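Below is one structure; the comments refer to it alone.
Any read-out appearing in this document is the output of simple, stated calculations on the displayed coordinates, not a laboratory observation. Predicted model, so just to flag it, every value in this text is computed and none were measured. A quick note on method: Cβ atoms are made from the backbone with ideal geometry, for glycine too, and the neighbour counts reach across all protein chains shown.
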Number of protein chains: 2
Amino acid sequence: MAETHTSSRHRLQSTDLATEIEFLMARARALGTSKANEQLAALNLKARSYAVLALACSDSRPSQRELAEFLSLDASQIVALVDGLESRGLVVREPDTSDRRSNVIVGTPEGVALYERAVSVVSAAEGKSLGSLSETERDQLRELLARVAFEG
Amino acid sequence: MAETHTSSRHRLQSTDLATEIEFLMARARALGTSKANEQLAALNLKARSYAVLALACSDSRPSQRELAEFLSLDASQIVALVDGLESRGLVVREPDTSDRRSNVIVGTPEGVALYERAVSVVSAAEGKSLGSLSETERDQLRELLARVAFEG
DNA sequence: AGTCAATAGTTTATTTTATCAACTAATTCC
DNA sequence: GGAATTAGTTGATAAAATAAACTATTGACT
């Protein structure tokens, strides 16, 4: 019999690459994002539009520039994402009264309603992805990642 | 004065999204990958070709299918990546004697030499990315991520 | 042995995402 | 007031993700 799926994975898992945090993050994220996207598809969302919607529906009133920086995306991609959500009536561009160059992106009631459904979907998916971790371990992971993600 | 870069980040950092592990991984990885790519550019590599080279230069003798599964990439992308490395004389496709459909991807001496330079470059970049974490914390993070990345 | 299903790799096409330059309008700095 | 900077937008181009179709095996089954 040829080598099984699982045994080959174990073989590669003992390489140096498999101990690199960068690589582990890429792999963990690929798994998680694909699970999340699967579930979000039912709401006609993806991980990226979900993230924009989440910030729009928070009370943080982000500008597009802030969305770009926070989500590690180019400003032009934010335009496209906001266009998509706005055309569905989920968010609006509010002119920033203190700086007329700037828009504040805010969720509409429909946007908030959809966001709330999306949150439960995403957190269920996250629950599956992190199934092998205890609550304490999840908190640890969250805290360590936050320090890496927001360093500087 | 308008809101500063840093204060807006703090404002968004207190949103629900900012506590989602999925999001934190995406952001941490974006930072890390861009730093790694910057450094790898001098060797004419990127994170992805580096990963393939690393596995080829290990003693694990991966097939292309195994590379695809392990790196969460489509088989057709592996073709392109191996083509690129092979045309530079860094890896070779060795026919698998026990299954003639399958290639084993192996690093050449030149490939190994370049890989060794790349490892030090990448680990320096990782050091910067994880600058705020102690050794113990890095090990913790590595172990938690590994469990998420290789669950199931 | 012979058929049939499944697998490894490849090619090609399509879509999505990333990157970057150019432009407008508004703001800030001097 | 004028120069430099910034937020948003558009458009072009390159890189990456996704998926179908095809070839050459191999494996399973009878």
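P(r) tail, the protein assembly as shown: Cα-Cα pairs separated by more than 33 Å, 32% of all pairs. For segment A:114-125, the Karplus equation 6.51 cos²θ - 1.76 cosθ + 1.60, evaluated at θ = phi - 60°, returns couplings of 5, 4, 5, 5, 5, 4, 5, 4, 5, 6, 5, 5 Hz by residue, with Gly and Pro reported as x. How crowded by other chains is A:26-38, given as the mean number of beta carbons from other chains within 10 Å of each beta carbon? Mean shielding count: 6.
The mean sequence distance of close C-alpha pairs (under 8 Å, at least 6 residues apart), as a share of the length of chain B, puts its relative contact order at 22 percent. Inter-copy label distances at B:R101, using a point 7 Å along Cα-to-Cβ, come to 5.8 nm with the shortest given first.
Between copies, A:D16 shows label-point distances of 4.4 nm, shortest first, with the point placed 7 angstrom from Cα along Cα to C-beta. Rounded to the nearest 20 debye, the dipole size of segment B:45-149 about its Cα centre is 220 debye, using +1 on the Cβ of Lys and Arg and -1 on the Cβ of Asp and Glu.
Mean per-residue shielding of peptide A:137-143 is 5, counting Cβ atoms of other chains within 10 Å of each Cβ. Relative intensity of chain A on a log10 scale, I(q)/I(0) at q = 0.09, 0.10, 0.18 Å⁻¹, equals -0.39, -0.47, -1.17, per a Debye sum over C-alpha point scatterers of equal strength in the absence of solvent.
Decide, for segment B:71-148, between rounded, prolate and oblate: order the square roots of the alpha carbon gyration tensor eigenvalues as a ≥ b ≥ c, take rounded if a/c falls under 1.5, and otherwise choose prolate if a/b is larger than b/c, else oblate.
prolate
Each copy carries a label point for B:Q39 at 7 Å from Cα along the beta-carbon vector; from one copy to the others these points are 3.5 nm apart, nearest first.
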